[in-house]
Structures are given as structure tokens and as C-alpha cells.
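Participant: Dumping the structure here so I can ask a few things about it.
The values are calculated or read from the model by the stated rules, or taken from the named source; none is laboratory data. Here the structure is a predicted model, which is why all the values come from computation and not from measurement. Cβ placement follows ideal geometry from the backbone for every residue including glycine, while neighbour counts extend to all protein chains displayed. Note: accessible area is taken over every heavy atom of the protein model, side chains too, but ligands, DNA and RNA are not part of it. Shrake-Rupley method; radii C 1.70, N 1.55, O 1.52, S 1.80 Å.
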Amino acid sequence: MKKKGVVVLGATGSIGLSTARVLEQFPDRFEVISLVARNNLDELARQAGLFKPRTVITTDERLTETLQSKLPAGVKGEGGWEPVMQAVTAPETDVVVCAIVGTGGLEPVVAAIRAGKTIALASKEVMVMAGEIVRRELAASPTAKLVPVDSEHSAIFQCLAGRPECEVKNLLITASGGAFRSWSMEEIAKATLQDALKHPNWSMGPKVTIDSASLMNKALEMVEARYIFDVVPEKIKVVLHPQSIVHSMVELCDNSVIAQLCRTDMRFAIQYALTYPERFDGALPAMDFETLLKLEFSAPDRQKYPSIGFAEEAMRRGGTMPAVMNAANEIAVERFRREEIRFTQIWSIVEKTMAAHDPHPQESFAVIKEADAWARAFAGQM
Ligand code: MG
């Protein structure tokens, strides 16, 4: 059997590390073509020893020589974005895992789509900022596929299983409710940084944990879903589900609801994106029915969580508005982490930045990056 050739963008981040653990399970099924990261050279070297890829790339060109000195014999070290573009479009590459934080994933993803590759997409920014561009590129490249790696979108992808949009009534994105799910609005108004950093179910970086507490993470995921699945904004709903066992659901036109369940471990979504359309028997933990004893669902309080309204507005206006929502939130979260602003001011900064923006169509990355830079400056000065 021919092995699938895999390129991992963001190999040393948390998704990258989980991807390595999945790839390690299946040495006969996958061949790692290239590993890409910025500056964690020791982890790149460790994975290079494990997978013997053709190339290992640091996006910081100045680190190329140091990287090469750490790599095992026969593995070539490269630097900068040009080798990244070559790796994602190389004939031996079948799947590109995109787990780069920030905007670095945009150009490589488009290049990989044009080359007809499968994209295992973990970077939220790609669809949030440039969803319209990515959809146009996918429509023009019939062999390219996009398989989501975010747990909610992976769940929806698995529930949809290729069903036509006319059969889909709603995409139901589940949300744990984050650190403040049992807090009142008055209590949230007094929340500290330490309070916001306590996520009940998933252990993640500080940015995502704060985004879970504010539900801005859900807002970004709503926009992602709109573009990944190409459905109208009205069909995207959020359901609170504190246990994070049902990763999301799809409500069909006959009112039947299909759900996907598994343990809270990112390797499920990563492994499925890598093996799609097949499923492999690997090392993932089985569901145990103790955890299923209690599954709760409720509608989110839209006043307590204004983020849902922001996402609806961003999807409705489209163009550069989702990028502006994302940028304003990033700056607001940074300012909250520096303890310059209160938790609830994250929402007011996002709201005011969006209100001050007149969205432009997504004609190019330049237009998107310009709106992103404007929003960062605006949100930073408020
Ligand atoms: Mg998620």
C-alpha cells in the first residue's frame, strides 16, 4: 500500500505534538515529507529523528544553520517560507496539516489547495480571516479537500458525511461554557486573569482558555463553520454542553439530530483528518459509559455571552469583518493578560472595533491583512 505523504506546518505546537503522536502509531501508513516550525529546533530535531523526513524547515531563515547542525544525517534543514511552499506543493505530499498560529497558514494553504492536496486544517485564522478566498480556491480545485481538525468541526464533518445542504437544518456547535459557565454576569464583571485561565475540561494555551471563558472561541468557530461547510449563517447555532463529550451535532431537515462523541483528546480529530476517508484502529482511548451517565445541554444566555451575537454580525456582513473581529479579540485578550483591562472589556473592545469597521470584500490577502492591522491598532488604543 502506498503511504500517505504528510507535511506538518506548526509541528512543535500542541496540535503538532499530538499529530506526531498519531503519526508514530502508523509508520506503515504515513510518510512524513516535511516538518515546519519557527524556533523550537530541539523538538523539530527530535521529530526528525523519529520520522526521517526529507526536509525540516524553520520559518526563521536566520536559524537554518543551527537547525541543520541538530538534524540527523540525511535530513535536510531549510529556512524561510519558500521551502514551505515547495513542501506543501511537492508531488509526494498528499496531506498538509496546518497548525500554524496567526496568519502564516494563509499562503501555504492556498498553494496546497491549488496543488490538489488534502488540508487537515487546525489553524482557526485561515477560515476566520480568509474563508471566502479559501472557498473560491476549493471550488476551482476539484481534487483538493479540506478536513477540519478543530474538535467541533471534525464532529460536524463526521456527522454531515457528505449530506447535501438542503438536508441540513442546523449545525449545532457545542460549547463547554468555559471557566465562567456557572458565574452570574455580576461575578463575571469582577473576574480576574487567574479565574479566566481555569478551563474545566480541556488543557490548552492561555489565549484559547480565555477565549473559552468569553465564548469568543465559539464565535470564531461559528465563522469557521460557516466557511468550512459553506452554509448560510442562519444555520449555525451554539448549544451549551458542559461535559464536552458530544463534540458537535447536525440537525437534519427531518429534525433528526446526529452527534459525534469521543473523549476530550485532540488526537481523535487529527487522526481522522489524516486517515480520512478511512478510519484506522489506533491508540485512542475508548469511550466509557461512566462518562456518559450525565450529558447536559442548554441554550446559551446571549446577554451573558455577547460573543455569539458578534459572530452572527461578522458572518452576516462577511468580507473583512470576521478578520476584524478576530484581530480586535486578540488585542483585547493580550491587554487582559497584561491586566490593563477587565474581562468584560474584551467584549466591549470587540464590539466597538467591529462597529467602527466598514467591511471590504475578500479580494486578496492584502485587503484582509490591512483590515487586520487597522483593527489591531484601533483595539490597542481604545
Ligand atoms: Mg474547538
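Participant: Using a 1.4 Å probe on the protein heavy atoms, what percent of the accessible area of the range 129-197 belongs to carbon and sulfur? Each step should come with its number before you reach the end.
Facilitator: Values: 1550 of 2870 Å².
Summing carbon and sulfur atoms, their accessible area is 54 percent of the total for the range 129-197.
Participant: Between LYS76 and GLU363, what is the spin-label point distance in nm, taking each point 7 Å from the Cα along the Cα→C-beta axis?
Facilitator: The answer from the label model is 3.9 nm.
Participant: For LEU146, list long-range residues whose amide hydrogen, built 1.01 Å from N in the peptide plane, is under 5 Å from its own amide hydrogen.
Facilitator: Placed amide hydrogens put ILE119 under 5 Å from LEU146.
Participant: Now a separate question. Once phi is turned into ³J(HN,Hα) by the Karplus curve 6.51 cos²θ - 1.76 cosθ + 1.60 with θ = phi - 60°, what whole-Hz value does each residue of the range 214-231 show in order, with x for glycine and proline?
Facilitator: Result, ordered by residue: 8, 6, 5, 4, 5, 4, 5, 5, 4, 5, 4, 4, 4, 8, 4, 9, 6, 10 Hz.
Participant: I would also like to ask the following. As a quick test, which of the pairs LYS235/LYS294; LYS237/LYS304; LYS237/LYS369; LYS198/LYS218 have an alpha carbon distance above 24 angstrom in this structure?
Facilitator: Where the Cα-Cα span goes over 24 Å, the pairs concerned are LYS235/LYS294; LYS237/LYS369.
Participant: Let me ask another. HN-Hα J couplings of the range 76-87 from phi, Karplus 6.51/-1.76/1.60, θ = phi - 60°, integer Hz, Gly and Pro as x?
Facilitator: The phi angles translate into 8, x, 9, x, x, 8, 4, x, 5, 4, 5, 5 Hz.
Participant: Mind jotting down the distance between the C-alpha centroids of the range 9-46 and the range 251-317, whole Å?
Facilitator: 25 Å
Participant: Output the 0 to 90 degree angle, nearest 10, between the alpha-carbon long axis of helix 124-140 and the longest principal axis computed from the alpha carbons of the chain.
Facilitator: The two axes meet at around 60 degrees.
Participant: Quick one: which of 230-240, 128-138, 54-64 comes out on top by average Cβ neighbours within 10 Å, and what's the full order, highest first?
Facilitator: Most protected by this proxy first, the peptides run 128-138, 54-64, 230-240.
Participant: Compute the length gained on full extension between GLU187 and PHE297: take 0.36 nm times their separation in residues and subtract their Cα-Cα distance, giving the result in nm to one decimal.
Facilitator: Contour length minus the Cα-Cα distance gives 37.4 nm.
Participant: Multiplying the sequence separation of MET85 and GLU370 by 0.36 nm and subtracting their Cα-Cα distance, what value in nm do you get? Display every interim value, and only then the final one.
Facilitator: Details: separation 285, 0.36 × 285 = 102.60 nm, distance 2.28 nm.
The span from MET85 to GLU370 would gain 100.3 nm if fully extended.
Participant: Counting only heavy atoms of the protein chains, get the accessible area per residue of the chain (1.4 Å probe) and round it to a whole Å² value. Spell out each step's value before the answer.
Facilitator: Values: 16420 Å² over 382 residues.
Roughly 43 Å² per residue, with all protein chains present.
Participant: Express in nm, to one decimal, how much length is gained between ARG342 and ARG316 on full extension, taking 0.36 nm for each residue of separation and deducting their alpha carbon distance.
Facilitator: Taking 0.36 nm per residue and subtracting the Cα distance, the gain is 6.5 nm.
Participant: Where does each of 45-53, 352-360 land if you order them by average Cβ count within 10 Å, highest first?
Facilitator: Ranking, from highest mean packing down: 45-53, 352-360.
Participant: Give the angle, between 0 and 90 degrees and rounded to the nearest 10, that separates the Cα long axis of helix 41-51 from the longest principal axis of the Cα atoms of the chain.
Facilitator: 60 degrees
Participant: Tell me, what HN-Hα J-couplings in whole Hz come from the Karplus equation 6.51 cos²θ - 1.76 cosθ + 1.60 at θ = phi - 60° for each residue of the range 108-114, using x for Gly and Pro?
Facilitator: Along the range 108-114, the couplings run x, 5, 5, 4, 5, 5, 4 Hz.
Participant: Please pull out the direction-averaged projected area of the range 63-157, using the convex hull of its alpha-carbon atoms, in nm² to one decimal place.
Facilitator: Approximately 7.1 nm², given one-decimal rounding.
Participant: Show log10 I(q)/I(0) for the chain at q = 0.14 Å⁻¹, two decimals, from a solvent-free Debye sum over equal Cα scatterers.
Facilitator: -1.28
Participant: Apply the Kirkwood formula to the range 4-148: the hydrodynamic radius equals the inverse of the mean of 1/r over all pairs of different alpha-carbon atoms; give it in Å with one decimal. Before the final figure, lay out each step's value.
Facilitator: Working: mean 1/r = 0.0671 Å⁻¹.
14.9 Å is the Kirkwood radius here.
Participant: Let me ask you something else. Relative contact order of the range 27-88, please, whole-number percent, based on alpha carbon pairs below 8 angstrom and at least 6 residues apart.
Facilitator: Once normalised by length, the contact order is 33 percent.
Participant: Here is a follow-up. Please find the FRET efficiency linking ASN40 to CYS166, where r is the Cβ-Cβ separation and R0 is fixed at 45 Å, and quote it to the nearest 0.05. Intermediate values should be presented prior to the final figure.
Facilitator: Values: r = 46 Å, r/R0 = 1.02.
Once rounded, the FRET efficiency stands at 0.45.
Participant: Check the straight Cα-Cα distances from LYS4 and name the lysines below 26 Å, setting aside those fewer than 8 residues away within the same chain.
Facilitator: Qualifying lysines at Cα under 26 Å: LYS52, LYS76, LYS117, LYS124, LYS145.
Participant: So what's the angle, to the nearest 10 degrees on a 0 to 90 scale, between helix 151-160 and the longest Cα principal axis of the chain?
Facilitator: 90 degrees
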